[in-house]
Structure formats: structure tokens, C-alpha cells
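Everything below concerns the one structure shown next.
Every read-out reported here was derived from the displayed coordinates using simple, explicitly stated rules and does not represent laboratory data. If you're wondering where the values come from, they're calculated on a predicted model, not measured in any experiment. Because the Cβ atoms are built from the backbone with ideal geometry, glycine has one as well, and the counts that use them run over all protein chains shown.
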Ligand SMILES: [Zn+2]
């Protein structure tokens, strides 16, 4: 898997990211190797790596001895060159992660949320951020920014504005202003499924893929699209809201008013309902406590709906693979994926099922890791401010 740069001057910022990501994927590379892998000219690579070294984001190693000419100097990511914060808000749970430039977690906090009221959640987050200013695990001064992710859709009234799988009351909250004013850090807000796709692309099961769809099984269901080496999040940041595609006409009534939406079969909420988990038992841990017979009450209806959704996704995007993850416990996800075979025929049928469908590797941290990657991915802004 290689990333291609371009030598046009106006694409300089894009090229910085390509160089950084190529080094991240390969560990250690010489300038000549970077040029070969990115199709950039040696001069362009030399200029970019000099800037990245000056910013403290790349570090050089012992020169490699070769027969002729200048010895080649391998470069790698300098993990402690910078860090960033990722925040994931879902029903009942707030996850905050601080990662270094290589994606290693430096701090991780998980807080149970008694309500999804924006004021209460923002106040919890601010309290935690004030505490982190004094952390000895990382240098607050090296923070590039905060990525905040939550379930979509954003600014859409109608199909998904009701029910227990969406967060309410956030339409009028300006998260950027709330945090930027108090902490003087840039903030990026995104859809959690899109961020989770980024998390898997950078650190998980999709590091070698240039096109994939990430199915994010949380309280509700969303999808993140990573196509041709880029995140695609739609014209209003609402791409991948696939929980409400109809997979069974006259199927189960959905909170949106339609019948037979995919989310009524494939989501944690659907699993809780089908397995009879209510109140405090309606949690991912509650599902883990069930035996196979009880779990099958849900899987028997989730499998045909999921197979149909996979057929639609494959025919629509012709992506290399579908990666499945989210807040769903890994042991249960593995059972679900094992039962998906045989998949329906599609444009991807030539591949074995285990390559068409992959289990995510970053587990429930995919979304917060992806959130933390947002400020790092937007490296151009940080460097261009110098
Ligand atoms: Zn629906």
C-alpha cells in the first residue's frame, strides 16, 4: 500500500500529510524510500522532511552505510513531538484519550454519563480538561488540538431525531466555541463513525486498505467511508447514516417512523431489546453475560439484515473491505461475523468472506482514537502557523 503525492506547488500541504503518514505506516524510511513510495521528487521530499524535523515531528537515526555516495539517514515519527486529545460521546458514556504523534495512548478516561444533557456533559469534559493541564503523562503545551466526535446526524430534523439511539439537545450547542474559548486549543467536531474509520485506518485493521467502509455498531448504527485514500463525510458531515436504510419492508417499527430499518436489527439497542435487557442491564457488559441461546434471540434476526446491508454496501462502493467494530464487545462481534458466512453474491464475491468482512482491531477506542487523529491529520494548519 502506497500513498501518492503530487508535485504541484499548491498541493504542498497535502504532501506534508502524505509524507508523515507514509513514514507512520512504514516505521523508518530514508528520504529516497519516501520519494519512491510517494512518487514525490527527491527535492520535494527533502524540503518537507526538513520542515517536519524542524517542527519536531520527525526524527533522524544513525546513517545507513552504503557502497557509494552520501550515507542515507532513516527518519521516523517523533512520538513526543506533539500530542492531541480525542473525545467520544455516546449514550451513557464519555471516553477521552490523549495520544502522542504515533497514536500511543498517554491518558485514557472513561466516564459514565447519567444523562445526555449537553450542559452536564460539557461541564464534565471541562472539569477533566482542567485536571489534565497538570498531568505528568504529557506536555499540555504540545497539544495540537481536540477532536470531538458523537453520533450523527448533525443539523437534520426528521428521520433520526427521536428514539434512544440518538443524542438530543445538541443542535444549538457550539462545541467549538465552548472549548476553544476556555482552553485556547483548536477543536474539530465530527461524526463518530467517520472518526472510527480513521482510527482503524491509522492504528487498526485497515492500515493497508485505501478503500473501505467501517460499520460502527454502537447504541445505534453508523458507517464511516474511507474511499480512495480519503475520508468521505458528505456535504453536511452526514454520510454513512445507514441505520435507517430499510432492509425489511413491513419489518420492525423504527423510532424514525419507518418500518424495517437496519438499526432495528443491527445495533446494541436492537440486541438489548431482542435479548430482553432493560434498565441497568442494557449495556455491552449485559450482553456478555448472556449464554449463546439467549444471544441467538438477537443474532437470528441480525444476521439476515446485516447480510443484506453488506450486499448493498459492496455493490454501492466496490471498496476493498468492510470493517466492523464499535462499542459492541469483541467476543459478540466475533460471533456475529462468524455467522455472516456465506455472504450474498456481490461485486466483491471473488474474495473469500474473511477478506470481505474484517473485525476492527481498535475495539471501543476506534472513535476516540480517530477523534484524536483529527488534529494530527490537520497537520497543515499547525505547520502553516509557524
Ligand atoms: Zn429508522
Checklist entry - Of 26, 88, 244, which has the largest mean-square fluctuation in a 10 Å C-alpha GNM of the chain? => result 26
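Just rank 345, 264, 17, 65, fewest to most, by other beta-carbon atoms within 10 angstrom. If you can, show how the numbers build up before the last one.
Details: 345 11, 264 30, 17 18, 65 7.
Final ranking by Cβ density, sparse to dense: 65, 345, 17, 264.
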Next on the checklist: If you fit an axis through the alpha-carbon atoms of helix 12-26 and take the longest principal axis of the Cα set of the chain, what angle between them do you get, 0 to 90°, nearest 10?
Outcome noted: 80 degrees
Item to check | Relative counts (whole %) of C-alpha pair distances in region 9-77, using bins that are 5 Å wide | outcome: 3, 18, 30, 28, 14, 5, 2, 0
Checklist entry - Picking from 267, 249, 115, which is most flexible by a Gaussian network model of the chain using Cα springs under 10 Å? => result 249
Checklist entry - Per the Debye formula with a single identical scatterer at each Cα and no solvent contribution, what log10 I(q)/I(0) holds for the chain at q = 0.06, 0.07, 0.08, 0.11 Å⁻¹? => result -0.25, -0.34, -0.44, -0.81
Checklist outcome for this item: Going from the fewest other Cβ atoms within 10 Å to the most, one would list 306, 194, 283, 136 as 136, 283, 306, 194
Checklist entry - Could you give the distance between the Cα centres of region 351-377 and region 21-58, to the whole Å? => result 25 Å
Next on the checklist: Taking the 0 to 90 degree range and rounding to the nearest ten, how far is the long axis of helix 42-54 tilted relative to the main principal axis of the chain, both from C-alpha atoms?
Outcome noted: 80 degrees
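Rg/Rh for region 205-363: what does it come to with C-alpha atoms and Rh from Kirkwood? Intermediate results must be reported in sequence, preceding the final value.
Numbers: Rg = 15.2 Å, Rh = 16.0 Å.
Answer for region 205-363: 0.95.
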Checklist entry - For the Cα atoms of the chain, what angle does the longest principal axis make with the long axis of helix 330-340, in degrees from 0 to 90, nearest 10? => result 70 degrees
Next on the checklist: Checking the a/c ratio against 1.5 first, then a/b against b/c, what shape does the Cα gyration tensor give for region 161-261?
Outcome noted: oblate
Checklist entry - Just how far, in whole angstrom, is region 207-256 from region 186-200 if you go by their alpha carbon centroids? => result 13 Å
Checklist entry - Order of 330, 182 from fewest to most other C-beta atoms within 10 Å? => result 182, 330
Item to check | Mean separation of Cα contacts under 8 Å (6+ apart) over length of region 210-264, as relative contact order % | outcome: 25 percent
Checklist entry - Can you give the relative contact order of the chain as a percent, counting alpha carbon pairs under 8 Å and 6+ residues apart? => result 17 percent
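Which whole-number percent gives the relative contact order of region 205-363, counting Cα pairs below 8 Å spaced six or more residues apart?
Working: 260 pairs, mean separation 40.5, N = 159.
Contact order relative to length: 25 percent.
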Checklist entry - If one computes the Cα centroid of region 166-184 and of region 104-152, what distance in Å separates the two points? => result 13 Å
